[in-house]
Amino acid sequence: MRMRQALPAMTAATLLLAGCAVGPNFHTPAPPAADRYTPAPLPDHIDGAGGQRFAPGAGVEAQWWRQFGSDKLNALEDRALRANPDLMAADAALRQARELYLAQRAALWPTVGLAANGARFKNPAYLASPLSSNANDYTLFQGQLNLAYTVDVFGGLHRQVESAAAQAENQHYQTDAAYLTLTANVAAAALQIAGLNAQLQAANDAVAADQRTLELTQRQQRLGQATTADVAAAQAALDQAEGAAPPLRKAIDAQVDLLAVLTGRTTEAAPVVHDLTLAEFRLPPTLPVSLPADLVRQRPDILAAEANLHVASAGVGIAMAARLPTFTLNASAGGASSQLLTLLTNGNSLWSVGGDVAQTVFDAGALKHRQVAAEAALDQAKDQYRSTVLVALQSVADVLQAIVEDGEADRHADAAAAASAQSLRLAQQQHKAGETGVLPVLAAQATLAQANAALAQTRAARYADTVALYQALGGDWQSDPRRQAADAH
């Protein structure tokens, strides 16, 4: 009865004493004051094919890779999100971090334990029986409920829980960063294969034209209409054209192997994507440009740095609380008897209520230095957060400027390819009219192949920078249903 009367008083005292926590309270850093990324405003429209435009202030759509309009890319992304081992490992690390947080949070609650034992004893004849029965042999049963509670007077336990929660939050954003990196790498690899295939096709067209040129030049040499130098020049042009293909095939194979790993396959089971072409993709017509103030709330690396800052802030409170006294309440209730049925009767019951206070008196300054170290770690985390934000703003600015220049380069490459195609048509008309031989036609074909290769390379770079923009803006992992499902799990 006295034990039951003491518990409400202990609870009330605990709530009163645990109402404050030493150390700084964490506040979300203020967002950047800038309203754009580049010194000059972005153009309304981007030059080149696709009719693209920027949409300042617009957010990134969920599953942004679907904006490229490729079923093959969508299938690759779906496979990667299901089977990529790095992403699965990150999800496991997130589950671990959350469980560690929940385990740490349990320290705010009392610990209740139940102990029971039974034993048979025999005493020497000259010792009195503990049971006052004058019997030398006896049985004793004991049962006891123990309660221990650390009163968080100065908030040290709350700061530890706060730190564990921030660590779990950090792992959450690291997992989102892994998700974003994976989807961007899959899209970049697929688009690079398509661009390399376009360049390889152009290289093969150049080889065919140069091969035919060499054959005609050799025939003209036999007829005395061409010199050995002409043949050597034609042979050099052919060798140079043939030398362009192996590096392209090598790069394609490397990207195919990369896609195999990203989608959780071994390289011998690589996905059949060798035949991807740029024609299977489209440039997203509208490119979102989130405001800098929104960027810091959606880029996982910035949010992870913010969580690290939160961990460091809580660490200062933990170090400060360690220098202050600790208070522990203890209580127990139970009974002891020679018979189980009478274990908890009034005459056999037992209980106790008590408390402990502990304070470090001398430690040669260890706790003080740990607090100073925690304060230095907090300063470090602040600077690291600021650096992360600055690098993020830089990456977005670089990509935006690259996309603008890609559009300009694409416009010139497209014009060059169109001019080369027109030159080939004129050469073919002149040859058909008997005004020229076939060699000018073959030369125009080789020139067109080179122009098409340059156009494919330029357009592939434009696709790659578009993917880089989605990644630099942080993607849209927060609204993706698969990430929400993983977070709920």
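The values are calculated or read from the model by the stated rules, or taken from the named source; none is laboratory data. Only a predicted model underlies this, so the values are computations on that prediction, with no experimental measurement involved. Cβ atoms come from the backbone with ideal geometry, glycine included; neighbour counts cover every protein chain shown. Accessible surface areas use protein heavy atoms only, side chains included; no ligands, DNA or RNA. Shrake-Rupley method; radii C 1.70, N 1.55, O 1.52, S 1.80 Å.
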Can you tell me which residue among Leu238, Leu200, Leu180 is crowded, with 16+ Cβ neighbours inside 10 Å, within 30 Å of Ala92 (Cα to Cα) and touching a residue at least 12 places away in the same chain (Cβ under 8 Å)? Leu180
I'd like the full set of residues that are among the polar types (S, T, N, Q) and within 24 Å of Leu102 (Cα to Cα), limited to the stretch 134-175. Asn146, Thr150, Gln160, Ser163, Gln167, Asn170, Gln171, Gln174, Thr175
Residue set Ala381, Ala397; condition closer than 30 Å to Glu306 by Cα, touching a helix residue (DSSP H, G or I) at 6+ places or on another chain (Cβ under 6 Å), assigned to a helix (DSSP H, G or I) and open to solvent by less than 60 Å² (accessible area, probe 1.4 Å); output residue Ala381
Among residues belonging to the stretch 91-136 that are closer than 22 Å to Ala164 by Cα and assigned to a loop (DSSP other than H, G, I, E, B), point out the one that is most open to solvent (accessible area, probe 1.4 Å). Trp109
Given the criteria part of a helix (DSSP H, G or I), open to solvent by 60 Å² or more (accessible area, probe 1.4 Å), touching a residue at least 24 places away in the same chain (Cβ under 8 Å) and out of contact with any Asp or Glu (no Cβ under 8 Å at 6 or more places or on another chain), does Asp205 qualify? yes
Exactly one condition in (1) open to solvent by 40 Å² or more (accessible area, probe 1.4 Å); (2) modelled with pLDDT of 95 or more is false for Ala187; which is it? (1)
Any residue in the stretch 154-167 that is touching a residue at least 40 places away in the same chain (Cβ under 8 Å) and at positive phi? yes
Going by the structure shown, is Ala148 touching a residue at least 60 places away in the same chain (Cβ under 8 Å), closer than 30 Å to Gly347 by Cα and under 52 Å from the mean Cα position of the chain (by Cα)? yes
Before we move on, is Gln192 among the polar types (S, T, N, Q), closer than 30 Å to Val261 by Cβ, more than 32 Å from the chain's Cα centre (by Cα) and open to solvent by 40 Å² or more (accessible area, probe 1.4 Å)? no
Pairs where the first residue, in the stretch 24-46, is farther than 14 Å from Ile403 by Cα and the second is at pLDDT below 90 and not small (Gly, Ala, Ser), C-beta under 8 Å, 6+ apart: Arg36/Leu42
Among the residues of the stretch 50-70, is any assigned to a helix (DSSP H, G or I) and open to solvent by 50 Å² or more (accessible area, probe 1.4 Å)? yes
Residues satisfying the stated conditions in the stretch 408-446, i.e. open to solvent by 60 Å² or more (accessible area, probe 1.4 Å) and not in a helix (DSSP H, G or I): Ala433, Gly434, Glu435
Answer yes or no: is there a residue in the stretch 281-300 that is acidic (Asp, Glu), surrounded by 15 or more Cβ atoms within 10 Å (Cβ to Cβ) and touching a Ser or Thr at 6+ places or on another chain (Cβ under 8 Å). no
Here the residues within the stretch 75-90 that are crowded, with 16+ Cβ neighbours inside 10 Å and part of a helix (DSSP H, G or I) are Leu76, Glu77, Arg79, Ala80, Leu81, Leu87, Ala90
Of the listed residues (Asp257, Asp275), the one being among the acidic types (Asp, Glu) and either in a loop (DSSP other than H, G, I, E, B) or touching a residue at least 60 places away in the same chain (Cβ under 8 Å) (or both) is Asp275
Keeping to the stretch 28-49, report how many residues are in contact with a strand residue (DSSP E or B) (Cβ under 8 Å, 6 or more places away or on another chain) and open to solvent by 40 Å² or more (accessible area, probe 1.4 Å). 5
Selection count where residues are in contact (Cβ under 8 Å) with a residue 12 or more places away in the chain and either within 58 Å of the chain's Cα centre (by Cα) or within 26 Å of Asn452 (Cβ to Cβ) (or both), scope the stretch 209-229: 8
